[in-house]
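The values are calculated or read from the model by the stated rules, or taken from the named source; none is laboratory data. Just so we're clear, the structure is a prediction, and the values are computed from it rather than from any experiment. Because the Cβ atoms are built from the backbone with ideal geometry, glycine has one as well, and the counts that use them run over all protein chains shown. Areas reflect the complete protein model, heavy atoms only, side chains present, ligands, DNA and RNA absent. Shrake-Rupley method; radii C 1.70, N 1.55, O 1.52, S 1.80 Å.
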Amino acid sequence: MAAARGEFSSRLGFIMAAAGSAVGLGNIWGFPTQAASNGGAAFLLVYLFLAFTLAYPALMAELIIGRHAHANAVSALRLISPNRLLRGLGACTGIVGFIVASLILSFYAIVAGWMIAFCLSAFSTLLGLGNINAWLTEFGFSRNLSFMLLFMCLTIGIISGGVREGIERWSERLMPMLLVSLVLLVIYVLTLDGAMEGLKIYLLPDFERALSPKLIISALGAAFFSLSLGVGTMLIYGSYIKDEENLPVVGSLVTLVDISIAVLAGFLVLPAMYVALHNGVEIFTPAGQLISEDTLIFTVLPELFATMGLAGTVVSFVFFFLMSIAALTSSISMLEVPVAYVIEEHGVQRKAAVWVIGGLIALVSVVILLNFSALFGLVVAFTTRYSQPLLGFMFCIYAGWIWHRDQLLGELRKGNPDVEDTLFWKIWPWYVRVICPVIILAIFAQSLWG
Ligand code: TRP
């Protein structure tokens, strides 16, 4: 088993891959719109605070356990457990994690497929192919199915290459493209009329709204989703890090990249909405709230691009291209969770494992597509609102209470012999023991009864 295991070749490779996993639709789509409707800059501050004080410690728990075990979540949690009962519980947690990761991928692939379809619609617009354009941009089974399958094939193709040739190589190619297209879009949109209005909304804090308990909890949920926590994604990426690497440092770099991209996307999406308003597109709901979520991405923005002529077509292409890349570097990290488990626990070949599991997940996506209104929202809520926080809680309990502290310290010392004298070691163990579990339970309680 150990001999066949992959490993990231460099620190940069790991950071690109882990940041690629973290940066996804959650950052470019979720964060900016939530900030817009929840007090602008104040939400931003709350989000920043929570990401560093709570999501970062939870990320570290997964990375350290993963690197120590050099194995998938099931074996890793078993390995650090002192007795049979806890070993069983650890294995269950890992298995639930890989099921949840697969379910997240099953809905993520559908949404990502839409992004590709909208990206291609730039060409049908240019060529004046009205029918094809309508098929690409309107909700319909054949379009949804085709692009979901295309996206799954891309994900499967990358993951079948393994850690270095697949995940690392493609993250290193795609992440710079993502960054460049995002920066170009931000610069361009900021030059348009109306953009400054949106910038003001984004940057002027409205503390009254940002400090409501409900909002704080939803910001934390967003931070957990954004850092891909809870399902073992970061644990498995951590298991591919070299022993010499200083984990607290690489973990904080990944957090920093993830947050910066979310913040940067805010500079794109909010100004773009007010440019749309300036061009006569409706951006408020009848209740006076800013339009958000899917309506924003698939209605407001395309309408905005349509008012901008040729430039709009180019911008539309770049925007949806950016979304597709962000989705792809995230989806590969979801598929790697069940794939690593099957390879390591059952000795299956990587190629076979990837195609079989990818095929099964695509099948689940088809079932969701066939019962879209009943299942889509349900799967999203079940995985992201309920399962992720609970699984994140379990990882913190294993890192904070169950794993022997000396072993944990030993693991951290591998990459930093003086880690005991660092601020990280003074604060983190206590955080992951007490603060993280308590707050995660609070989110969970809120999502159950809130
Ligand atoms: N973090 C990604 C985003 O922001 C999504 C993601 C990737 C994810 N891997 C995950 C979410 C694992 C939950 C669990 O879009």
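Does any residue in region 166-177 that is open to solvent by 70 Å² or more (accessible area, probe 1.4 Å) come within less than 9 Å, Cβ to Cβ, of a residue that is of a type in the set (S, T, N, Q) six or more places away or on a different chain, and which pairs are these?
TRP170/THR329
Run THR233 past the list (1) over 20 Å from the mean Cα position of the chain (by Cα); (2) closer than 30 Å to GLY90 by Cα and report the number of the one that doesn't hold.
With (1) over 20 Å from the mean Cα position of the chain (by Cα); (2) closer than 30 Å to GLY90 by Cα applied to THR233, the lone miss is (1).
Kindly list the number of the only condition in (1) within 22 Å of the chain's Cα centre (by Cα); (2) open to solvent by less than 10 Å² (accessible area, probe 1.4 Å) that fails for ASP294.
Condition (2) is where ASP294 drops out.
Mind checking whether some residue in region 42-60 is open to solvent by less than 10 Å² (accessible area, probe 1.4 Å), modelled with pLDDT under 95, not basic (Lys, Arg) and not in a helix (DSSP H, G or I)?
No, region 42-60 has no match at all.
Here are the criteria: (1) aromatic (Phe, Trp, Tyr); (2) surrounded by fewer than 18 Cβ atoms within 10 Å (Cβ to Cβ); (3) under 24 Å from the mean Cα position of the chain (by Cα). Tell me which single one PHE321 does not satisfy.
Against the list (1) aromatic (Phe, Trp, Tyr); (2) surrounded by fewer than 18 Cβ atoms within 10 Å (Cβ to Cβ); (3) under 24 Å from the mean Cα position of the chain (by Cα), PHE321 comes up short only on (2).
Could you tell me whether any residue of region 340-349 is within 15 Å of the ligand (Cβ to nearest atom) and either of a type in the set (Asp, Glu) or not in a loop (DSSP other than H, G, I, E, B) (or both)?
Looking for residues that are within 15 Å of the ligand (Cβ to nearest atom) and either of a type in the set (Asp, Glu) or not in a loop (DSSP other than H, G, I, E, B) (or both), one finds at least one in region 340-349, hence yes.
Is it the case that ALA381 is within 16 Å of the ligand (Cβ to nearest atom), of a type in the set (A, V, I, L, M) and farther than 23 Å from VAL339 by Cα?
When the stated conditions are applied, ALA381 passes them.
Looking at (1) crowded, with 18+ Cβ neighbours inside 10 Å; (2) in contact with a Ser or Thr (Cβ under 8 Å, 6 or more places away or on another chain); (3) part of a helix (DSSP H, G or I); (4) aliphatic (A, V, I, L, M), which is the one condition that is false for LEU120?
The one condition LEU120 does not meet is (2).
Please state which of the following conditions SER218 fails to meet, knowing it meets all the rest: (1) surrounded by fewer than 23 Cβ atoms within 10 Å (Cβ to Cβ); (2) small (Gly, Ala, Ser); (3) modelled with pLDDT of 90 or more.
(3)
When you scan region 21-32, how many residues do you find that are more than 6 Å from the ligand (Cβ to nearest atom) and either open to solvent by 10 Å² or more (accessible area, probe 1.4 Å) or without any contact (Cβ under 8 Å) to a residue 24 or more places away in the chain (or both)?
Qualifying residue count, region 21-32: 2.
Does region 192-207 include one or more residues that are among the β-branched types (Val, Ile, Thr) and either free of Cβ contacts under 8 Å to residues at least 24 places away in the same chain or within 16 Å of the ligand (Cβ to nearest atom) (or both)? Even if it seems obvious, please write down each step before you answer.
Residues of region 192-207 that are among the β-branched types (Val, Ile, Thr), as a first pass: 201.
If we keep only those that are either free of Cβ contacts under 8 Å to residues at least 24 places away in the same chain or within 16 Å of the ligand (Cβ to nearest atom) (or both) too, we end up with none.
The answer is no, given that none of the residues of region 192-207 is among the β-branched types (Val, Ile, Thr) and either free of Cβ contacts under 8 Å to residues at least 24 places away in the same chain or within 16 Å of the ligand (Cβ to nearest atom) (or both).
Out of (1) in contact (Cβ under 8 Å) with a residue 12 or more places away in the chain; (2) open to solvent by 60 Å² or more (accessible area, probe 1.4 Å), the odd one out for SER239 is which?
Failing condition for SER239: (2).
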